[in-house]
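Values in this text are rule-based calculations from the coordinates and carry no lab data. This structure is a prediction, so every number in the text was calculated from the model and none was measured. Here the Cβ is made from the backbone with ideal geometry for all residues, glycine too, and neighbour counts use every protein chain on show.
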Amino acid sequence: MKKEVIVFDLIEKEYHRQKDGVELIASENFASDQVIAAMGTCLTNKYAEGLPRKRYYGGCDVVDEIEQLAIDRAKELFGAEWVNVQPHSGAQANAAVMLAVLKPGDKILGFNLSHGGHLTHGSPVNFSGKLYKPVFYNVKKETGIIDYEKLAETAASEKPKLIIAGASAYSRDWDYEAMRTIADKEGALLMADIAHPAGLIASKLLNDPLPHCHIITTTTHKTLRGPRGGMIMMGQNFENPWGLTTPKGKTRMMSAILDSGVFPGTQGGPLEHVIAAKAIAFGEALTDGFKSYCKQVKINANTMADAFVNKGYQVISNGTDNHCMLIDMRSKGLTGKQAEEALVKADITLNKNMVPFDDQSPFVTSGIRIGTPAITTRGLKEEHILQIVAMIDNVLINHENPEIADSVRSEVNKLMKPFPLYSEEW
Ligand code: DSN
């Protein structure tokens, strides 16, 4: 058979893009070579619908061991009593939970997408806003921090069946305990989507949602630094409160309801090659080295937020508790789109992002989102962060000058040269 050239050449090109540039997309990271290697194995050939030791196909003994290892390591990492490692992504994990615990038309209360929330928490263009009835909570305009009082008022007046904590662009920690009090008062389930801060939570550097939230969803590829994928957890299994049933009509423990939300509810065969990579990533995340990495992610994010504030940038909430920050570019006379496009010419990658109370469309936006998980994996520390902020400032001030972008690109490529991708270190 003729060897494939085109695709592998393109993969090589992408490898160099990742290696030469400064990666500041808050949801991206660099997985280890072991994580990447596991995804390119014969495990992709295997069908394994069902759960370990309860499959619909023969020949599952090996993948049973692999999936059970992933489950056991995830339980240890987060202190969870129950885990399902099969969701193909964070969006799939959220879809599975909602299918399992809601009926079409039920009300959900999520964090407003335009204030930092996620598409799958009730956006009208997503399944979550089409199948269910979404209402939202916001940040306070003066502080950029979630308005828990208003959240409680909205929960009391709207009586949602599910309240969702979690965001894709929020730089502050969450008060899961307060949200559980609100959920209990209104008879709602509380779900935390920790896709972004999962690694920092596993490393005990942020509040722990597991003792307070009924259900936790996450991705495995952001701060957790594993393969692209999702996962659902419960700190403690519990009897489902509303007489929910599995497809076989049995009213059961929540674990069975959630398992059925994944399969057969929303997915078919699990991706056992990705589940193997998850098992490896969870093993890596259980090491002291990963905890040190997460500490540095936070230090780098703090250093960066302070440096931007010192240069007169409007950082939402004036700083960060986690791995990311949102910057309102209006005070610098730029849109998010202009900033993103100017920076990518200098090999600095980040994304335009709506900021709270934005007056631009999602295609333009007034802000940019920045995160430190990926550059911290490369080995960058505080002194490099200050250099990067200076380079970003230079490009943005001179965003109409291509010569500045060219010269900053050379600086960026020189800065990144000594730092391997994590996957080259092993
Ligand atoms: N697309 C992810 C992010 O960038 O935050 C969320 O799904």
Inverse mean reciprocal Cα-Cα distance (Kirkwood Rh) of the chain, Å: 22.3
Of all DSSP beta bridges having both residues in the range 155-273, the percent classed as antiparallel (nearest 5) is 45
Could you check the spin-label model distance between LEU119 and ILE397? Points 7 Å from the Cα along Cα→Cβ, value in nm. 3.7
Does the range 354-426 come out rounded, prolate or oblate, given a ≥ b ≥ c as the square roots of the eigenvalues of its C-alpha gyration tensor, rounded meaning a/c under 1.5 and, failing that, prolate meaning a/b above b/c? oblate
Placing one identical point scatterer on every Cα of the range 278-426 and ignoring solvent, what is log10 I(q)/I(0) from the Debye formula at q = 0.17, 0.18, 0.21 Å⁻¹? -0.99, -1.08, -1.33
Taking the convex hull of the alpha-carbon atoms of the range 1-146 and averaging its shadow over every direction gives an area in square nanometres of 14.2
Separation between the GLU177 and GLU239 pseudo-spin-labels, each 7 Å from Cα along Cα→Cβ, expressed in nm? 2.8
Select from the range 1-43 those trypsin sites (Lys or Arg not before Pro) which occupy a DSSP coil region and have at most 13 other Cβ atoms within 10 Å, ordered by residue number. LYS2, LYS3
Neighbour-count order for ASP193, ASP147, fewest beta carbons within 10 angstrom listed first: ASP147, ASP193
Relative contact order (percent, whole number), the chain, Cα cutoff 8 Å, 6+ residue spacing: 23
Which chymotrypsin sites (Phe, Trp or Tyr not before Pro) in the range 13-99 pass both tests, a DSSP loop state and at most 14 other beta-carbon atoms within 10 Å? TYR56, TYR57
In nm, spacing of pseudo-spin labels at LYS311 and ARG330 (7 Å Cα→C-beta vector): 2.2
D (µm²/s, integer) via Stokes-Einstein for the range 173-272, Kirkwood Rh across alpha-carbon pairs, 37 °C, 0.692 mPa s: value 223
The range 128-156 and the range 157-216 have their Cα centres apart by a whole-number Å value of 13
Percent antiparallel among DSSP beta bridges confined to the chain, nearest 5, equals 55
The range 361-426 and the range 54-75 have their Cα centres apart by a whole-number Å value of 40
What shape does the range 59-217 take by its C-alpha gyration tensor, where a ≥ b ≥ c are the square roots of the eigenvalues and a/c under 1.5 counts as rounded, a/b above b/c as prolate, and the rest as oblate? prolate
Proximal aspartates and glutamates relative to LYS46, as straight alpha-carbon distance under 15 Å, when same-chain residues fewer than 8 apart are discounted: ASP61, ASP64, GLU65, GLU67, GLU272
From the Cα gyration tensor of the range 86-135, with a ≥ b ≥ c the square roots of its eigenvalues, which class applies: rounded if a/c is under 1.5, or else prolate if a/b is larger than b/c, or else oblate? oblate
Counting other Cβ atoms within 10 Å of each Cβ, which trypsin sites (Lys or Arg not before Pro) in the range 230-281 have at most 13 and sit in a DSSP loop? LYS248, LYS250
At 222 nm, what helix-only mean residue ellipticity would the chain give, in deg cm²/dmol to the nearest 500, using -39500 (n - 2.57) for each DSSP H run of four or more? -12500 deg cm²/dmol
